[in-house]
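What follows is a structure written as structure tokens; I'll ask about it next.
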Amino acid sequence: MNKREKIMLIGSGITAAVMALAESARYRTADYLVRLALDRDKPPHPPGAERRLSGSTIDRALLQKVADAGKDLAARPHEIIQIQSRDGTPLLGHWMSVSAPKRVVIAMHGWRSAWDHDFGMVSDFFRKNGCSVLYAEQRGQGKSGGEHMGFGLTERYDCLDWANWVNQKFGGTIPIYLCGISMGASTVLMAGGLELPQNVRGILADCGFTSTTDIWKHVAKQARLAYPVYGGTAGKLAEKRLSMAVDADSCPQSLARCQVPVLFVHGTEDHFVPVEMTYENYKACASPKRLFVVPGAEHGMSYLTDPQGYENAVQAFWADFDGGMLC
């Protein structure tokens with residue numbers, strides 16, 4: 001072997017080693033991000049990493065107000081409900097009833113959040129307007145079973161299971177509304193594509209994303225991460241966890257099949273789930289639909305930013321659809 005051949009061989013070896021290291025780094029990055037996105041037990045990460053991923057600019061005073069409202073909600077007397085989902089996953093919910101209820105709200109919280117945190121601010125509004133509420137703990141979170149979150153792909157079926165529980169309790173006569181915030185909003189929007197009980201009168205969706213792929217891509221770009229790790233290696237890792245592809249369905253696809261009215265809510269200053277995603281969901285919705293956009297509201301802060309406007313929009317929605325869909 002001459003000197004030139006030796007140099008070429010060494011160069012090839014170095015190139016192969018660099019490529020192997022790069023592939024290993026891509027895999028580790030993809031594995032970390034999928035564990036952060038889907039696993040109940042999230043991987044270790046620096047303090048504040050989730051806030052940086054969300055792009056949140058919510059100040060501490062508002063965050064404290066939300067936290068205090070959540071503590072108040074959790075402290076109220078209520079009944080713990082446990083059911084088993086259709087795939088065998090144990091689900092836990094918090095049932096807060098009112099006397100002579102006008103309707104039942106099934107509330108689905110967001111990603112790596114909690115029922116009391118996400119609905120503490122709006123809970124008094126529900127109660128004063130005659131709503132008994134089932135605050136669900138989403139699978140893969142809190143005290144519900146499951147080792148993984150599904151970004152709405154798996155949780156949409158849990159909405160149907162909870163609606164069936166309500167109907168067993170009330171005999172299928174009381175109006176039901178599916179309500180969600182953030183990932184919970186996408187959960188109830190995807191549930192809209194299922195065959196729901198006839199007394200499910202509508203869906204309230206606050207700052208929902210369009211699809212798992214879209215929100216991952218947005219967050220990756222925002223955090224200056226390489227998006228292809230989501231579409232390639234990460235997609236395969238996620239598929240193993242969920243037993244389905246991350247693009248198995250989306251909110252626009254589900255909403256094209258939706259047969260119940262939908263009220264879409266979003267803030268214009270949402271950095272985690274851009275308001276454009278709600279516009280896309282709204283456009284795709286085939287059923288009666290309404291849109292309430294709050295100028296200046298950050299992610300999940302529409303009620304806190306404009307409580308009167310929010311209440312007016314929701315009360316009008318209930319008034320129009322409690323008795324069934326308008327002709």
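Just name the residue that is nearest to Leu237 (Cα to Cα) out of those in the stretch 141-186 that are in a strand (DSSP E or B) and among the β-branched types (Val, Ile, Thr). Steps first, answer last, please.
So the first thing to find is which residues in the stretch 141-186 are in a strand (DSSP E or B), and the list is 148, 176-181.
Now restrict to residues that are among the β-branched types (Val, Ile, Thr): 176, 181.
Details: Ile176: 36, Ile181: 26 Å.
So the residue we want is Ile181.
Of Gly323, Gly232, Gly267, which residue is surrounded by fewer than 20 Cβ atoms within 10 Å (Cβ to Cβ), under 20 Å from Cys179 (Cβ atoms) and not basic (Lys, Arg)?
Details: Gly232 fails: under 20 Å from Cys179 (Cβ atoms); Gly267 fails: surrounded by fewer than 20 Cβ atoms within 10 Å (Cβ to Cβ).
Only one candidate passes the filter, namely Gly323.
Could you please let me know if Leu196 is of a type in the set (A, V, I, L, M) and in a loop (DSSP other than H, G, I, E, B)?
On the way: of a type in the set (A, V, I, L, M): yes; in a loop (DSSP other than H, G, I, E, B): yes.
Yes; evaluated as a whole, the condition is true for this residue.
Please go through the stretch 88-147 and pick out each residue that is farther than 21 Å from Ile176 by Cα, open to solvent by 10 Å² or more (accessible area, probe 1.4 Å) and of a type in the set (Ser, Thr, Tyr).
Residues satisfying the conditions are Thr89, Ser113.
Return yes when Phe292 is in contact (Cβ under 8 Å) with a residue 12 or more places away in the chain, open to solvent by less than 70 Å² (accessible area, probe 1.4 Å) and more than 23 Å from Ser56 (Cα to Cα) and no when it is not. First the steps, then the outcome.
Values: in contact (Cβ under 8 Å) with a residue 12 or more places away in the chain: yes; open to solvent by less than 70 Å² (accessible area, probe 1.4 Å): yes; more than 23 Å from Ser56 (Cα to Cα): no.
Here the answer is no, as Phe292 does not meet what is asked.
Just to be sure before I move on: is Leu204 within 21 Å of Arg139 (Cα to Cα) and surrounded by fewer than 24 Cβ atoms within 10 Å (Cβ to Cβ) in the structure I sent?
So Leu204 fails the test.
Within the stretch 75-87, which residues are crowded, with 16+ Cβ neighbours inside 10 Å and of a type in the set (A, V, I, L, M)?
Ile81, Ile83, listed by residue number.
Is it the case that the stretch 48-64 has a residue that's open to solvent by less than 50 Å² (accessible area, probe 1.4 Å), at pLDDT below 95, hydroxyl-bearing (Ser, Thr, Tyr) and assigned to a loop (DSSP other than H, G, I, E, B)?
Within the stretch 48-64 (the criterion being open to solvent by less than 50 Å² (accessible area, probe 1.4 Å), at pLDDT below 95, hydroxyl-bearing (Ser, Thr, Tyr) and assigned to a loop (DSSP other than H, G, I, E, B)), the answer is yes, since at least one residue qualifies.
On the given criteria, is Met244 open to solvent by 30 Å² or more (accessible area, probe 1.4 Å) and among the aliphatic types (A, V, I, L, M)? Working first, answer last.
Values: open to solvent by 30 Å² or more (accessible area, probe 1.4 Å): yes; among the aliphatic types (A, V, I, L, M): yes.
So Met244 passes the test.
Additional query: Would a scan of the stretch 178-198 turn up a residue that is hydrophobic (A, V, I, L, M, F, W, C), surrounded by fewer than 22 Cβ atoms within 10 Å (Cβ to Cβ) and over 21 Å from Ala37 (Cβ atoms)? Outline the logic, then answer.
Let us first name the residues in the stretch 178-198 that are hydrophobic (A, V, I, L, M, F, W, C), namely 178-179, 181, 183, 185, 188-191, 194, 196.
From the residues that got through so far, the ones that are surrounded by fewer than 22 Cβ atoms within 10 Å (Cβ to Cβ) too are 194, 196.
Adding the requirement that they be over 21 Å from Ala37 (Cβ atoms) leaves 194, 196.
Yes, the stretch 178-198 contains at least one residue that is hydrophobic (A, V, I, L, M, F, W, C), surrounded by fewer than 22 Cβ atoms within 10 Å (Cβ to Cβ) and over 21 Å from Ala37 (Cβ atoms).
The values are calculated or read from the model by the stated rules, or taken from the named source; none is laboratory data. Predicted, not measured: the structure shown is a model, and the values here were computed from it. Neighbour counts run over all protein chains shown; Cβ positions are idealised from the backbone, glycine included. When the accessible area is computed, the model is the full protein with side chains, heavy atoms only, and any ligands, DNA or RNA have been set aside. Shrake-Rupley method; radii C 1.70, N 1.55, O 1.52, S 1.80 Å.
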